[in-house]
Amino acid sequence: MTSTRVPPARVSRAIERTRHHLFRLHQRAAPPAAAMMELIMGAWIAQTISAAADLGIADVLADGPASGEELARQLNADADALRRMLRALIGVGIFRQRRDGRFELTPLADTLRTDSPMSMAGMARWVGSPQHREHWSHLGDAIRSGTATVPGLRGKPIFEYLADEPELAEIFNAAMTGVSDFAIAPVIAAYDFSCFSTIADIGGGHGRLLAAILESASQTKGVLFDLPQVVAKAPALLRKHQVERRVQIVGGSFFDSAPAGADAYVLKHVIHDWPDEDAVRILRTVRAAAHPGARILLVEFVIPEHARNFHGKWVDLEMLVVADARERTASEYSRLLSQAAFRLDRIVSTVGPISIIEGTAL
């Protein structure tokens, strides 16, 4: 079982608090200007990671250690510039140089392989793409206006823009797949899905989360619901995880309809993509399909009340910049659910930054 490899959420929270206090101690030990310079240079680190992913360094080193000259030859790169890049990345734990001079992967570098079980290569390439960096360069405009930068720059909302940019859309989809895979194990470990006879995954893509749920709940059946062109690619993945006979695939838009009769409706990273008005519209569509007493399970970041660093606070700015959307607090989710005739029951923490917001149809 995947869940046996995941520590309890309370352990993760304790580690996060410890890291926060150690980081604050590190900051206080340096002059403020030096500490600020270190934070600003984080942009350079992120861009160097993105370039490493673009070059495919980790994919080459997956075959074993290689010298700088060998790497440069395989990557069609300048050997001196490549060594300088690797020297910088080694300093933050990404890649390692052996005593014989050859370079090799570290656990961090391994996540930059395109075929890594939890690949971050797509996310690195998305964040470092010229288009995305241009979007974020207008963050100040987004803060002043309270609206996304993409429509003004591109003349259309983000998903319409991506539809017209197939190469960037491929990078974006790879990024979202990596993020999705990253969240699955903590979700499965934190919640018992076996109490439901039928679970509908709304906006479920190719069915990766639903497959994991059904693997953890052997008697449960599933309904995979997303746009027709999206779910058309689902059968191969469902067969791979040997759950295809337990899944009904339905094509449609969650703005128009949702499959009726499920005991639970899962929406993972759906609501955060939309402003409040559209989010409520999606939830009301689900409520119209759900019988009273059915559960709704939103898999999302929940912005905490504490002032510590939290992954979701930065994703919240991403949602502002690109989509006029947002991450939300527990009270904000409660309000959205109430407007759609759901009652918020509880919020289940996971070992990761994602939570499961559980509600009941009234």
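Can you run down the residue pairs with Cβ atoms below 6 Å, 6 or more apart or on separate chains, where the first is in the range 115-144 and under 24 Å from residue 186 (Cα atoms) and the partner is among the charged types (D, E, K, R) and part of a helix (DSSP H, G or I)?
The qualifying pairs are 116/110; 118/181.
Out of (1) buried (at least 19 other Cβ atoms within 10 Å of the Cβ); (2) out of contact with any strand residue (DSSP E or B) (no Cβ under 6 Å at 6 or more places or on another chain), what's the single condition that is false for residue 296?
All conditions are met except number (2).
List pairs: first residue in the range 319-336 and at positive phi, second residue basic (Lys, Arg) and surrounded by 21 or more Cβ atoms within 10 Å (Cβ to Cβ) anywhere in the structure, Cβ distance under 8 angstrom, at least six positions apart or on different chains.
Short answer, once both residue conditions are applied: none.
If we keep just the residues of the range 195-214 that are within 21 Å of residue 111 (Cβ to Cβ) and either of a type in the set (A, V, I, L, M, F, W, C) or not assigned by TED's automatic domain parsing to the domain that holds residue 265 (or both), which is nearest to the chain's Cα centre (by Cα)?
Checked the range 195-214; the qualifying residue nearest to the chain's Cα centre (by Cα) is 209.
What are the residue pairs meeting all of these: first residue in the range 241-259, first residue touching a residue at least 12 places away in the same chain (Cβ under 8 Å) and in the same structural domain as residue 270 (by TED's automatic domain parsing), second residue surrounded by 16 or more Cβ atoms within 10 Å (Cβ to Cβ) and among the charged types (D, E, K, R), Cβ atoms under 6 Å, and 6 or more apart or on different chains?
Short answer, once both residue conditions are applied: 246/221.
State which residue is surrounded by the most Cβ atoms within 10 Å (Cβ to Cβ) when the search covers only the range 95-112 and only residues that are over 29 Å from the mean Cα position of the chain (by Cα) and in a loop (DSSP other than H, G, I, E, B).
Filtering the range 95-112 for residues that are over 29 Å from the mean Cα position of the chain (by Cα) and in a loop (DSSP other than H, G, I, E, B), the one surrounded by the most Cβ atoms within 10 Å (Cβ to Cβ) comes out as 102.
Any residue in the range 176-194 that is over 22 Å from the mean Cα position of the chain (by Cα) and farther than 30 Å from residue 223 by Cβ?
Scanning the range 176-194 turns up no residue that is over 22 Å from the mean Cα position of the chain (by Cα) and farther than 30 Å from residue 223 by Cβ.
Given the criterion among the β-branched types (Val, Ile, Thr) and closer than 22 Å to residue 176 by Cα, identify the matching residue among 243, 250.
250
How many residues does the range 215-261 hold that are in a loop (DSSP other than H, G, I, E, B) and farther than 27 Å from residue 274 by Cβ?
7
Take residue 200 and decide whether it is part of a helix (DSSP H, G or I), within 16 Å of residue 299 (Cα to Cα) and modelled with pLDDT of 95 or more.
Judged against the criteria, residue 200 is not a match.
Here is a yes/no grid of residues against (1) within 22 Å of the chain's Cα centre (by Cα); (2) of a type in the set (S, T, N, Q); (3) in the same structural domain as residue 355 (by TED's automatic domain parsing):
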{"position": "19", "(1), (2), (3)": "yes, no, no"}
{"position": "24", "(1), (2), (3)": "no, no, no"}
{"position": "27", "(1), (2), (3)": "no, yes, no"}
{"position": "60", "(1), (2), (3)": "no, no, no"}
{"position": "79", "(1), (2), (3)": "no, no, no"}
{"position": "88", "(1), (2), (3)": "no, no, no"}
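Applying the selection to the range 334-357, what residues are surrounded by 19 or more Cβ atoms within 10 Å (Cβ to Cβ), touching a Phe, Trp or Tyr at 6+ places or on another chain (Cβ under 9 Å) and closer than 17 Å to residue 189 by Cα?
The answer is 350, 352, 353, 354, 355, 356, 357.
Mind counting the residues in the range 290-321 that are assigned to a helix (DSSP H, G or I), at pLDDT 95 or above and not acidic (Asp, Glu)?
Matching residues across the range 290-321 total 8.
Is it the case, given these coordinates, that residue 187 is modelled with pLDDT under 95 and not in a loop (DSSP other than H, G, I, E, B)?
no
Which ones in the range 60-104 are in contact (Cβ under 8 Å) with a residue 40 or more places away in the chain and over 23 Å from residue 44 (Cβ atoms)?
Listed by number, the residues that qualify are 62, 64, 104.
If you check 305, 244, 300, which single one turns out to be within 20 Å of the chain's Cα centre (by Cα) and among the acidic types (Asp, Glu)?
The unique qualifying residue is 300.
The values are calculated or read from the model by the stated rules, or taken from the named source; none is laboratory data. Owing to the predicted nature of the structure, the values given are computational and were not obtained by experimental measurement. In this analysis, Cβ positions are derived from the backbone assuming ideal geometry, glycine residues included, and neighbour counts consider all displayed protein chains.
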